[in-house]
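The values are calculated or read from the model by the stated rules, or taken from the named source; none is laboratory data. None of the values given here were measured: they were computed from a predicted structure. Neighbour counts run over all protein chains shown; Cβ positions are idealised from the backbone, glycine included. For the accessible areas, the whole protein counts, side chains as well, though only heavy atoms, and no ligand, DNA or RNA atoms are used. Shrake-Rupley method; radii C 1.70, N 1.55, O 1.52, S 1.80 Å.
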Amino acid sequence: MDSNEHRIKIAVQKNGRLTEHSLDLLERCGLKFTQSKDQLFCYGENMPIDLLLVRDDDIPGLVHDDVCDLGIVGLNVVQEKRLALEHAGDEALYKQVFEVDFGHCRLSIAAPDGAEYSGPEDLNNKRIATSYVNLLRDYLKKNSVQAEIVFFSGAVEIAPKLGKADYICDLVSTGGTLKANALREVGTVLQSEAIIIQTLKPLAASKQALVDKILQRLDGVLQVRESKYIMLNAPRDALEKICALLPGSEAPTVVPLEGSSDRVAVHAVCRENVFWETLENLKSAGATSLLVMPIEKMLA
Ligand code: PRT
Ligand code: ZN
């Protein structure tokens, strides 16, 4: 059963912004790995799930070509590949299953400081440097703009200074790089974060069961990240008000308190962060002995 074709392969960025978060996420799902000498492969020790460590740009292609069953990669890379395949008359053979809440950034249009910009129409007949040719082409088309796309494989932000482009289209997170290059963000092409993609190819039943199991664990890990377990005591007649104040909780458990007919204990899973203001509001509504605890694991 443990031969190669029964093992799941997950494509993960080898060395970059997503690597540490991706490996951490998989470890939180209970997976343990041994890395190969060439560091391109991680063998799953406790489950038949292996990792392929590659450049992020290759991840959608590896899932599309069915070399890997799952991949963790930025939405920007996934959509760029999807549009490239469509442009070539092909169709992406993967689907997005989760957003994983790291790698947040946006693909933006930036203009040199001082250059006028009041909307996409100002891009008409201009040159725009980017590594994201397909996403930019799609954006220009949607905005009925005719512009020249100049491909840069890296260091896009220097294109205007080199006289190679009038504007750029690149990833931005803090905005520091744009600022350092006398550029300003003027429009957003795509909001992005890391996502999990899954092959569209039907899998053998044993493999599918394993993919379902790992996706369920991932879902659990992502859900508990913000979730808290909250315990408090409350007057029975303030229950409705108190339950309404609990952030993102469904059906709290209400337990009678020994020796008291008018007070109860309330236990609830809150799927959003619990801030001090929430606790103060609960206290004002009559809650006492408030306790907020992190949740380590959750299986729906
Ligand atoms: O070698 P490999 O091809 O795997 O790595 P890479 O160099 O292509 O990618 P990497 O590791 O830089 O980024 C991987 C993914 O992280 C991207 O595809 C995005 O989904 C996501 N991400 C999040 C970012 C950024 N934030 C980001 N700020 N990717 C790149 N940047 C770059 C951007 O290109 C620009 O040069 O950082 C600079 C801007 O950052 P700020 O903070 O100055 O705005
Ligand atoms: Zn890359």
Strands (runs of 3 or more DSSP E) enclosed by the stretch 61-124 - at least 3 residues per element that are outside the structural domain of ASP24 (by TED's automatic domain parsing): 105-112
Filter result (acidic (Asp, Glu) and either in contact (Cβ under 8 Å) with a residue 12 or more places away in the chain or closer than 27 Å to LYS161 by Cβ (or both)) within the stretch 87-111: GLU99, ASP101
Residue list for the stretch 76-94, filter: away from ligand 2 (no atom under 13 Å from the Cβ) and open to solvent by less than 30 Å² (accessible area, probe 1.4 Å): LEU85, ALA92, TYR94
Only listed residue being within 16 Å of ligand 2 (Cβ to nearest atom) and either surrounded by fewer than 19 Cβ atoms within 10 Å (Cβ to Cβ) or closer than 19 Å to ASP65 by Cα (or both), chosen from LYS32, LYS37, LYS14, LYS9: LYS14
Subset of the stretch 136-178 (residues that are part of a loop (DSSP other than H, G, I, E, B), under 26 Å from the mean Cα position of the chain (by Cα) and away from ligand 2 (no atom under 16 Å from the Cβ)): THR174, GLY175
LEU52 being in a helix (DSSP H, G or I) and either without any contact (Cβ under 8 Å) to a residue 60 or more places away in the chain or open to solvent by 10 Å² or more (accessible area, probe 1.4 Å) (or both): no
Number of the exception - ILE128 against (1) touching a helix residue (DSSP H, G or I) at 6+ places or on another chain (Cβ under 9 Å); (2) assigned to a strand (DSSP E or B); (3) modelled with pLDDT of 95 or more; (4) open to solvent by 10 Å² or more (accessible area, probe 1.4 Å): (4)
